[in-house]
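Quick notes on the structure that follows.
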Amino acid sequence: MRHEKAGRLLELARLLASTSEGLTLDDMAERLGVGRRTAERMRDAVRDVFPQLEEVDDPPTKRFRIPAGLDGLFQAPTAEELAALAAAAETFAQQGAGARAGALRSLERKVLSATRAAARRKLAPDLEALLQAETIAVQAGPRPFEDERVLSAVREAVMSLSTLTFRYEGGSNPGRTREVTPYGVLFGRANYLVAAEGEGGPRNWRLDRLHEVAATGRPGSRPPGFSLQDYADESFGIYQDDTEDVVLRILPASAEGALRWRFHANQHVEPQPDGAVIVSFRASGMRELAWHLFTWGDQVQVLGPARLKALLIEQIEIARRAHATETDAAGA
(Lines give C-alpha, C1' and ligand atoms only; values in the text may rest on other atoms or scores of the structure.)
Protein backbone atom coordinates (compact mmCIF):
# COMPACT_ATOMS: atom_id res chain seq x y z
CA MET A 1 0.00 0.00 0.00
CA ARG A 2 1.33 3.45 -0.87
CA HIS A 3 2.32 5.78 1.96
CA GLU A 4 -0.45 8.25 1.03
CA LYS A 5 -3.15 5.59 1.36
CA ALA A 6 -1.79 4.47 4.72
CA GLY A 7 -1.91 8.08 5.91
CA ARG A 8 -5.53 8.44 4.81
CA LEU A 9 -6.52 5.26 6.63
CA LEU A 10 -4.82 6.50 9.79
CA GLU A 11 -6.68 9.80 9.40
CA LEU A 12 -9.97 7.91 9.23
CA ALA A 13 -9.02 5.79 12.25
CA ARG A 14 -8.34 8.97 14.23
CA LEU A 15 -11.70 10.38 13.22
CA LEU A 16 -13.45 7.19 14.33
CA ALA A 17 -11.55 7.21 17.64
CA SER A 18 -12.35 10.87 18.35
CA THR A 19 -16.15 10.56 18.28
CA SER A 20 -18.39 9.13 20.99
CA GLU A 21 -21.52 8.81 18.84
CA GLY A 22 -19.75 7.43 15.77
CA LEU A 23 -19.69 8.38 12.09
CA THR A 24 -21.93 7.25 9.28
CA LEU A 25 -20.47 6.37 5.87
CA ASP A 26 -21.75 9.70 4.60
CA ASP A 27 -19.96 11.47 7.49
CA MET A 28 -16.73 9.70 6.59
CA ALA A 29 -17.07 10.57 2.92
CA GLU A 30 -17.72 14.25 3.70
CA ARG A 31 -14.82 14.65 6.15
CA LEU A 32 -12.33 12.86 3.92
CA GLY A 33 -13.57 14.42 0.68
CA VAL A 34 -14.20 11.07 -1.05
CA GLY A 35 -17.17 9.20 -2.49
CA ARG A 36 -19.37 6.92 -0.43
CA ARG A 37 -18.00 3.74 -2.08
CA THR A 38 -14.43 4.84 -1.33
CA ALA A 39 -15.41 5.59 2.28
CA GLU A 40 -16.88 2.10 2.53
CA ARG A 41 -13.65 0.49 1.29
CA MET A 42 -11.59 2.63 3.67
CA ARG A 43 -13.82 1.64 6.60
CA ASP A 44 -13.28 -2.03 5.79
CA ALA A 45 -9.51 -1.49 5.59
CA VAL A 46 -9.55 0.26 8.98
CA ARG A 47 -11.49 -2.65 10.45
CA ASP A 48 -8.74 -5.03 9.26
CA VAL A 49 -6.12 -3.01 11.15
CA PHE A 50 -8.29 -2.05 14.13
CA PRO A 51 -10.64 -4.97 14.86
CA GLN A 52 -12.03 -3.03 17.83
CA LEU A 53 -14.03 -0.92 15.33
CA GLU A 54 -17.58 -0.91 16.66
CA GLU A 55 -20.83 -0.76 14.69
CA VAL A 56 -23.72 1.17 16.29
CA ASP A 57 -27.30 0.87 15.03
CA ASP A 58 -28.87 4.29 14.44
CA PRO A 59 -31.93 3.62 12.23
CA PRO A 60 -32.23 4.18 9.37
CA THR A 61 -28.42 4.08 9.16
CA LYS A 62 -25.39 2.77 11.05
CA ARG A 63 -22.56 4.53 12.81
CA PHE A 64 -19.01 3.36 13.39
CA ARG A 65 -16.47 4.24 16.06
CA ILE A 66 -13.33 3.00 17.80
CA PRO A 67 -14.54 3.31 21.41
CA ALA A 68 -11.26 2.73 23.28
CA GLY A 69 -9.27 5.23 21.24
CA LEU A 70 -5.92 4.61 19.58
CA ASP A 71 -2.61 3.63 21.07
CA GLY A 72 -0.13 6.48 21.53
CA LEU A 73 1.98 4.96 18.76
CA PHE A 74 -0.60 6.23 16.24
CA GLN A 75 -1.12 9.61 17.92
CA ALA A 76 2.32 11.23 17.94
CA PRO A 77 1.95 14.92 16.99
CA THR A 78 3.92 16.52 14.17
CA ALA A 79 6.21 19.52 14.56
CA GLU A 80 3.76 21.55 12.44
CA GLU A 81 0.84 20.67 14.73
CA LEU A 82 2.76 21.62 17.88
CA ALA A 83 4.00 24.86 16.31
CA ALA A 84 0.43 25.77 15.34
CA LEU A 85 -0.74 25.07 18.90
CA ALA A 86 2.05 27.22 20.35
CA ALA A 87 1.27 30.01 17.86
CA ALA A 88 -2.42 29.96 18.75
CA ALA A 89 -1.58 30.22 22.45
CA GLU A 90 0.78 33.13 21.79
CA THR A 91 -1.86 34.89 19.67
CA PHE A 92 -4.38 34.63 22.50
CA ALA A 93 -1.79 35.87 25.01
CA GLN A 94 -0.94 38.93 22.87
CA GLN A 95 -4.65 39.71 22.54
CA GLY A 96 -5.06 39.66 26.31
CA ALA A 97 -6.99 36.37 26.23
CA GLY A 98 -5.04 34.90 29.14
CA ALA A 99 -7.58 32.22 30.06
CA ARG A 100 -7.68 30.70 26.58
CA ALA A 101 -3.91 31.05 26.17
CA GLY A 102 -3.46 29.15 29.43
CA ALA A 103 -5.85 26.42 28.28
CA LEU A 104 -3.92 25.90 25.03
CA ARG A 105 -0.57 25.81 26.83
CA SER A 106 -1.98 23.25 29.25
CA LEU A 107 -3.14 21.18 26.28
CA GLU A 108 0.35 21.49 24.74
CA ARG A 109 1.93 20.12 27.93
CA LYS A 110 -0.55 17.23 28.02
CA VAL A 111 0.15 16.34 24.39
CA LEU A 112 3.91 16.39 24.96
CA SER A 113 3.67 14.41 28.18
CA ALA A 114 1.63 11.73 26.38
CA THR A 115 4.17 11.55 23.54
CA ARG A 116 6.85 8.89 23.75
CA ALA A 117 10.33 10.11 24.64
CA ALA A 118 11.86 8.95 21.36
CA ALA A 119 9.20 10.84 19.39
CA ARG A 120 9.75 13.99 21.47
CA ARG A 121 13.49 13.88 20.81
CA LYS A 122 12.85 13.48 17.08
CA LEU A 123 10.40 16.40 17.06
CA ALA A 124 12.56 18.82 19.08
CA PRO A 125 14.88 20.16 16.31
CA ASP A 126 12.08 20.73 13.77
CA LEU A 127 9.80 22.29 16.40
CA GLU A 128 12.54 24.66 17.56
CA ALA A 129 13.25 25.70 13.96
CA LEU A 130 9.57 26.43 13.27
CA LEU A 131 9.10 28.40 16.50
CA GLN A 132 12.08 30.59 15.62
CA ALA A 133 11.02 31.06 11.99
CA GLU A 134 7.34 31.92 12.57
CA THR A 135 5.88 34.67 14.72
CA ILE A 136 2.68 36.67 15.13
CA ALA A 137 2.45 40.22 13.78
CA VAL A 138 1.04 42.40 16.55
CA GLN A 139 -1.94 44.46 15.38
CA ALA A 140 -3.25 47.60 17.01
CA GLY A 141 -6.52 47.22 18.85
CA PRO A 142 -8.10 46.81 22.25
CA ARG A 143 -6.95 44.06 24.59
CA PRO A 144 -10.15 42.15 25.37
CA PHE A 145 -10.94 41.59 29.03
CA GLU A 146 -10.74 37.90 29.91
CA ASP A 147 -10.87 37.02 33.61
CA GLU A 148 -10.66 33.27 34.16
CA ARG A 149 -13.01 33.45 37.17
CA VAL A 150 -15.69 35.22 35.13
CA LEU A 151 -15.36 32.78 32.22
CA SER A 152 -15.47 29.81 34.60
CA ALA A 153 -18.70 31.02 36.18
CA VAL A 154 -20.30 31.65 32.78
CA ARG A 155 -19.23 28.23 31.49
CA GLU A 156 -20.51 26.53 34.63
CA ALA A 157 -23.92 28.14 34.14
CA VAL A 158 -24.02 27.19 30.43
CA MET A 159 -23.04 23.56 31.06
CA SER A 160 -25.39 23.12 34.04
CA LEU A 161 -28.31 24.91 32.30
CA SER A 162 -28.43 27.39 35.17
CA THR A 163 -29.17 31.09 35.36
CA LEU A 164 -26.34 33.47 36.15
CA THR A 165 -26.19 36.43 38.51
CA PHE A 166 -23.81 39.38 38.41
CA ARG A 167 -23.50 43.04 39.29
CA TYR A 168 -23.35 44.98 36.03
CA GLU A 169 -21.42 48.26 35.94
CA GLY A 170 -22.91 49.44 32.70
CA GLY A 171 -26.17 50.24 30.97
CA SER A 172 -28.76 52.70 32.24
CA ASN A 173 -28.63 51.38 35.84
CA PRO A 174 -24.95 50.73 36.68
CA GLY A 175 -24.35 48.67 39.80
CA ARG A 176 -27.64 46.78 39.55
CA THR A 177 -27.60 43.02 40.19
CA ARG A 178 -28.97 40.99 37.28
CA GLU A 179 -30.12 37.41 36.86
CA VAL A 180 -29.93 36.19 33.27
CA THR A 181 -30.07 33.05 31.17
CA PRO A 182 -26.65 32.72 29.50
CA TYR A 183 -26.57 31.77 25.82
CA GLY A 184 -22.81 31.92 25.30
CA VAL A 185 -19.81 34.22 24.88
CA LEU A 186 -18.77 36.26 21.84
CA PHE A 187 -15.00 36.65 21.60
CA GLY A 188 -13.65 39.48 19.48
CA ARG A 189 -12.15 42.96 19.76
CA ALA A 190 -14.15 43.04 23.00
CA ASN A 191 -15.69 40.05 24.75
CA TYR A 192 -19.41 39.84 25.50
CA LEU A 193 -21.75 37.55 27.36
CA VAL A 194 -24.87 36.86 25.29
CA ALA A 195 -27.77 36.38 27.69
CA ALA A 196 -31.47 37.07 28.18
CA GLU A 197 -32.90 38.80 31.22
CA GLY A 198 -36.42 37.77 32.20
CA GLU A 199 -38.67 37.23 29.20
CA GLY A 200 -36.62 39.44 26.91
CA GLY A 201 -34.51 38.35 23.98
CA PRO A 202 -30.75 37.93 23.99
CA ARG A 203 -28.53 40.98 24.41
CA ASN A 204 -24.82 41.59 24.84
CA TRP A 205 -23.17 42.27 28.21
CA ARG A 206 -19.51 43.34 28.30
CA LEU A 207 -17.45 40.87 30.30
CA ASP A 208 -15.26 43.60 31.81
CA ARG A 209 -18.35 45.13 33.43
CA LEU A 210 -19.47 41.92 35.15
CA HIS A 211 -18.71 41.60 38.87
CA GLU A 212 -19.62 39.02 41.52
CA VAL A 213 -20.52 36.49 38.83
CA ALA A 214 -22.05 33.19 39.97
CA ALA A 215 -24.20 30.35 38.66
CA THR A 216 -27.43 30.14 40.68
CA GLY A 217 -28.41 26.52 40.13
CA ARG A 218 -31.86 27.68 39.04
CA PRO A 219 -33.02 26.40 35.62
CA GLY A 220 -31.99 28.60 32.70
CA SER A 221 -31.46 27.03 29.29
CA ARG A 222 -31.30 28.50 25.81
CA PRO A 223 -34.51 28.32 23.74
CA PRO A 224 -34.73 25.45 21.23
CA GLY A 225 -33.26 26.29 17.86
CA PHE A 226 -31.13 29.21 19.08
CA SER A 227 -27.74 29.34 17.35
CA LEU A 228 -25.04 31.57 18.82
CA GLN A 229 -23.28 31.57 15.43
CA ASP A 230 -26.44 32.73 13.63
CA TYR A 231 -26.92 35.42 16.27
CA ALA A 232 -23.34 36.63 15.79
CA ASP A 233 -23.72 36.57 12.00
CA GLU A 234 -26.62 39.03 12.18
CA SER A 235 -24.18 41.83 12.99
CA PHE A 236 -21.16 43.15 11.11
CA GLY A 237 -19.27 43.24 14.41
CA ILE A 238 -20.51 42.97 17.96
CA TYR A 239 -23.20 45.61 18.27
CA GLN A 240 -26.74 44.49 17.54
CA ASP A 241 -29.24 47.01 16.21
CA ASP A 242 -31.61 47.24 13.22
CA THR A 243 -30.77 44.75 10.46
CA GLU A 244 -30.39 46.35 7.04
CA ASP A 245 -29.49 45.42 3.47
CA VAL A 246 -25.94 46.58 2.73
CA VAL A 247 -24.65 47.05 -0.83
CA LEU A 248 -21.04 48.11 -1.42
CA ARG A 249 -19.21 48.81 -4.68
CA ILE A 250 -15.48 48.16 -4.59
CA LEU A 251 -13.65 50.01 -7.35
CA PRO A 252 -11.66 48.05 -9.97
CA ALA A 253 -8.27 48.94 -8.45
CA SER A 254 -9.17 47.05 -5.26
CA ALA A 255 -11.41 44.37 -6.78
CA GLU A 256 -8.86 41.59 -6.37
CA GLY A 257 -8.56 42.32 -2.66
CA ALA A 258 -12.34 42.45 -2.29
CA LEU A 259 -12.71 39.01 -3.84
CA ARG A 260 -10.46 37.62 -1.07
CA TRP A 261 -12.06 39.67 1.71
CA ARG A 262 -14.90 38.59 3.96
CA PHE A 263 -17.12 41.48 4.93
CA HIS A 264 -19.84 39.22 6.32
CA ALA A 265 -20.51 35.52 6.83
CA ASN A 266 -23.48 35.59 4.42
CA GLN A 267 -22.16 37.99 1.79
CA HIS A 268 -22.80 37.77 -1.94
CA VAL A 269 -19.95 38.94 -4.18
CA GLU A 270 -20.60 39.81 -7.83
CA PRO A 271 -17.85 40.96 -10.24
CA GLN A 272 -18.97 43.73 -12.60
CA PRO A 273 -18.21 44.20 -16.33
CA ASP A 274 -16.14 47.33 -15.57
CA GLY A 275 -13.89 45.39 -13.17
CA ALA A 276 -15.56 46.58 -9.97
CA VAL A 277 -17.09 44.23 -7.39
CA ILE A 278 -20.51 44.50 -5.76
CA VAL A 279 -20.66 43.07 -2.24
CA SER A 280 -24.08 42.66 -0.64
CA PHE A 281 -25.23 41.23 2.69
CA ARG A 282 -27.82 41.76 5.39
CA ALA A 283 -26.54 42.78 8.81
CA SER A 284 -26.83 45.09 11.79
CA GLY A 285 -23.98 47.08 13.34
CA MET A 286 -23.77 49.95 10.86
CA ARG A 287 -21.45 52.03 13.07
CA GLU A 288 -18.83 49.27 13.22
CA LEU A 289 -19.18 48.76 9.48
CA ALA A 290 -18.65 52.49 8.90
CA TRP A 291 -15.45 52.38 10.97
CA HIS A 292 -14.21 49.45 8.91
CA LEU A 293 -15.01 51.07 5.56
CA PHE A 294 -12.59 53.91 6.32
CA THR A 295 -9.75 51.36 5.94
CA TRP A 296 -10.73 51.05 2.24
CA GLY A 297 -10.15 54.76 1.66
CA ASP A 298 -11.65 55.95 -1.63
CA GLN A 299 -11.94 52.41 -3.02
CA VAL A 300 -15.44 51.73 -1.71
CA GLN A 301 -18.78 53.33 -2.51
CA VAL A 302 -21.81 52.74 -0.30
CA LEU A 303 -24.86 52.06 -2.47
CA GLY A 304 -27.04 51.37 0.54
CA PRO A 305 -28.43 51.78 3.12
CA ALA A 306 -28.79 55.54 3.49
CA ARG A 307 -28.09 55.29 7.25
CA LEU A 308 -24.63 53.86 6.56
CA LYS A 309 -23.83 56.76 4.22
CA ALA A 310 -25.00 59.20 6.88
CA LEU A 311 -22.83 57.53 9.52
CA LEU A 312 -19.76 57.78 7.30
CA ILE A 313 -20.35 61.49 6.73
CA GLU A 314 -21.00 62.00 10.46
CA GLN A 315 -17.73 60.28 11.43
CA ILE A 316 -15.79 62.34 8.88
CA GLU A 317 -17.26 65.54 10.30
CA ILE A 318 -16.43 64.47 13.87
CA ALA A 319 -12.81 63.81 12.85
CA ARG A 320 -12.61 67.12 10.96
CA ARG A 321 -13.83 69.09 13.99
CA ALA A 322 -11.45 67.25 16.31
CA HIS A 323 -8.40 68.00 14.16
CA ALA A 324 -9.22 71.45 12.78
CA THR A 325 -6.86 74.20 14.00
CA GLU A 326 -7.98 77.63 15.09
CA THR A 327 -6.66 79.00 11.76
CA ASP A 328 -8.76 76.47 9.86
CA ALA A 329 -11.80 77.43 11.86
CA ALA A 330 -11.19 81.15 11.27
CA GLY A 331 -10.84 80.66 7.53
CA ALA A 332 -13.94 78.48 7.27
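Of A6, A29, A45, A13, all but one fail to be at pLDDT below 90, over 28 Å from R120 (Cα atoms), part of a helix (DSSP H, G or I) and of a type in the set (A, V, I, L, M, F, W, C); the exception is A45. Taken as a whole, the structure places T216 among residues that are surrounded by 13 or more Cβ atoms within 10 Å (Cβ to Cβ) and farther than 22 Å from G98 by Cα.
When you scan region 304-316, do you find a residue that is within 20 Å of E256 (Cβ to Cβ), in contact with a strand residue (DSSP E or B) (Cβ under 6 Å, 6 or more places away or on another chain) and either modelled with pLDDT of 90 or more or part of a helix (DSSP H, G or I) (or both), even just one? Break it down stepwise before answering.
We begin by selecting, within region 304-316, every residue within 20 Å of E256 (Cβ to Cβ); these are none.
No; the residues of region 304-316 include none that is within 20 Å of E256 (Cβ to Cβ), in contact with a strand residue (DSSP E or B) (Cβ under 6 Å, 6 or more places away or on another chain) and either modelled with pLDDT of 90 or more or part of a helix (DSSP H, G or I) (or both).
In region 218-233, the residues that are assigned by TED's automatic domain parsing to the domain that holds G184 and farther than 17 Å from S160 by Cα reach residues that are modelled with pLDDT under 85 and basic (K, R) with C-beta atoms within less than 9 angstrom, at least six apart or across chains, in these pairs: L228/R222. Checking each residue in region 160-190 for being closer than 28 Å to Q94 by Cα and not in a strand (DSSP E or B) picks out E169, G170, F187, G188, R189, A190.
Go through region 163-210 and give me each residue that's small (G, A, S) and crowded, with 19+ Cβ neighbours inside 10 Å. The answer is G184, A195.
Checked against the criterion of being in a strand (DSSP E or B) and either among the hydrophobic types (A, V, I, L, M, F, W, C) or touching a Leu at 6+ places or on another chain (Cβ under 7 Å) (or both), the candidates L193, L151 yield just one match: L193.
On inspection, K62 does not qualify as in a helix (DSSP H, G or I) and in contact with a helix residue (DSSP H, G or I) (Cβ under 9 Å, 6 or more places away or on another chain). Could you tell me whether any residue of region 250-260 is within 16 Å of K309 (Cα to Cα) and surrounded by 12 or more Cβ atoms within 10 Å (Cβ to Cβ)? Yes, that holds for at least one residue. Taking the numbered list (1) at pLDDT 85 or above; (2) surrounded by 15 or more Cβ atoms within 10 Å (Cβ to Cβ); (3) in the same structural domain as G7 (by TED's automatic domain parsing) in turn, F50 passes all entries but (1).
Quick check on region 89-99. Is at least one of its residues surrounded by 14 or more Cβ atoms within 10 Å (Cβ to Cβ), outside the structural domain of S152 (by TED's automatic domain parsing), over 30 Å from V150 (Cβ atoms) and without any contact (Cβ under 8 Å) to a residue 40 or more places away in the chain? There is no residue in region 89-99 that is surrounded by 14 or more Cβ atoms within 10 Å (Cβ to Cβ), outside the structural domain of S152 (by TED's automatic domain parsing), over 30 Å from V150 (Cβ atoms) and without any contact (Cβ under 8 Å) to a residue 40 or more places away in the chain. Hey, among the residues in region 219-245 that are touching a Pro at 6+ places or on another chain (Cβ under 7 Å) and more than 30 Å from G175 (Cα to Cα), which one's surrounded by the most Cβ atoms within 10 Å (Cβ to Cβ)? Here the answer is E244.
Can you tell me which residue among L15, L107 is surrounded by 15 or more Cβ atoms within 10 Å (Cβ to Cβ) and in contact (Cβ under 8 Å) with a residue 12 or more places away in the chain? The conditions single out L15.
The values are calculated or read from the model by the stated rules, or taken from the named source; none is laboratory data. Just so we're clear, the structure is a prediction, and the values are computed from it rather than from any experiment. Quick reminder, even Gly has a Cβ in these numbers, built from the backbone with ideal geometry, and neighbours come from all protein chains shown.
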